[in-house]
Amino acid sequence: MSRFVNNTLVMAVVCGGLWAALTTRPVAAAEDQKDEEKAVLQADHSLVQAVANRDKKAVDGLLDADFTWIDLDGISSTKEQVLQDLNAFARGSEGNADLKAFPHGRVVAVFGAQRGGRFERVWVKRPAGWRVLVYQQVPDRAPSSPAYASSGPGSADCENPCKAIPYKPTTEADREVIASFEAMDTAIWQADADAWARYIGDDDFGITSGVLVTKANRIATIKKQKEANAKPAPAPLLSALFFDFGDTVVMTALHQPPNGKPHHFTRIWVKREGAWQLVAGAQTEIQAAPATITP
């Protein structure tokens, strides 16, 4: 009898320990995520202050070596160029309101509003700490040409970016992200909202022409296009860069619409249950670029 009681107690302790582990792990993960979010928001505030004070040393320490700034007009600048003309960077970065942070492992997307539009700052965790990889601004004004044509019949075919893009992946993660990216654009081209939704996270958040974009409103748009028998033509991709951070990949790209000006895109992809999903993005048209007219 005592042996039965002892075994029962042992089983209770083991089961209790397993239950505690199962229930504590998600809570701990959530707390870690909140800590990371808090750390990034503090770093983001420090960057804003350093830029306002024209503190080149502090700004230098918070920008990633691969940093890119895309301003409201779609002009891109490297870290070196920003540090050479910190006054222009400061004038073009006034305002830091309505902040929203979206943690994705070693990548955190910070969205906000400022004079003339909205912005996304992509923070990445390096060995030395959190650094800004991409700072992309999106104006309130509508682009002169959308990257995804949404009116009238689309192209009879979609080779680039639906079937192939001019980028050679260097990692398995890049290859998998490209496959999801091409499948996502194929779904857009075919106006298939259900297929498109499989490659988009439920927490997807983005900005285009100063407008906030979510998964739900994009699904509604695609369904309307389907009803109108329209086949939006995704803009071909000209170039891309991929930055891998474990189960998160930051993709920066330049797209050229068949009839219009090129657009900068920044996309964040996350691997969930073996599948890569788009969870954040920003899109800015290059105002000074000439429009390409396709017959």
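The values are calculated or read from the model by the stated rules, or taken from the named source; none is laboratory data. This structure is a prediction, so every number in the text was calculated from the model and none was measured. Glycine gets a Cβ as well: all are built from the backbone with ideal geometry, and neighbour counts include every protein chain shown. In case anyone asks, the SASA skips ligands and DNA or RNA and just uses the protein heavy atoms, side chains included. Shrake-Rupley method; radii C 1.70, N 1.55, O 1.52, S 1.80 Å.
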Of the candidates 277, 287, the one satisfying the condition of being touching a residue at least 12 places away in the same chain (Cβ under 8 Å) and part of a strand (DSSP E or B) is 277
Quick check on the stretch 245-258. Is at least one of its residues in a loop (DSSP other than H, G, I, E, B), at pLDDT 95 or above and touching a helix residue (DSSP H, G or I) at 6+ places or on another chain (Cβ under 9 Å)?
yes
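Matching residues to (1) of a type outside the set (Asp, Glu); (2) buried (at least 20 other Cβ atoms within 10 Å of the Cβ); (3) modelled with pLDDT of 95 or more; (4) closer than 23 Å to residue 37 by Cα:
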position: 131; (1), (2), (3), (4): yes, yes, yes, yes
position: 142; (1), (2), (3), (4): yes, no, no, no
position: 158; (1), (2), (3), (4): yes, yes, no, no
position: 167; (1), (2), (3), (4): yes, no, yes, no
Here the residues within the stretch 237-252 that are under 23 Å from residue 159 (Cα atoms), of a type outside the set (Phe, Trp, Tyr) and open to solvent by 10 Å² or more (accessible area, probe 1.4 Å) are 238, 239, 240, 241, 252
Scan the stretch 200-209 and tell me whether some residue there is within 19 Å of residue 143 (Cβ to Cβ) and surrounded by fewer than 19 Cβ atoms within 10 Å (Cβ to Cβ).
yes
With the condition being within 23 Å of residue 285 (Cβ to Cβ) and open to solvent by 60 Å² or more (accessible area, probe 1.4 Å), I'd like the strands (runs of 3 or more DSSP E) fully within the stretch 83-129 carrying at least 1 qualifying residues.
97-104
Check on residue 222, open to solvent by less than 10 Å² (accessible area, probe 1.4 Å), in contact with a helix residue (DSSP H, G or I) (Cβ under 7 Å, 6 or more places away or on another chain) and more than 30 Å from residue 92 (Cβ to Cβ):
yes
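Table: residues versus (1) without any contact (Cβ under 8 Å) to a residue 60 or more places away in the chain; (2) under 22 Å from residue 221 (Cβ atoms); (3) among the basic types (Lys, Arg).
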| residue | (1), (2), (3) |
| --- | --- |
| 83 | yes, no, no |
| 118 | no, yes, yes |
| 125 | no, no, yes |
| 133 | no, no, no |
| 161 | no, yes, no |
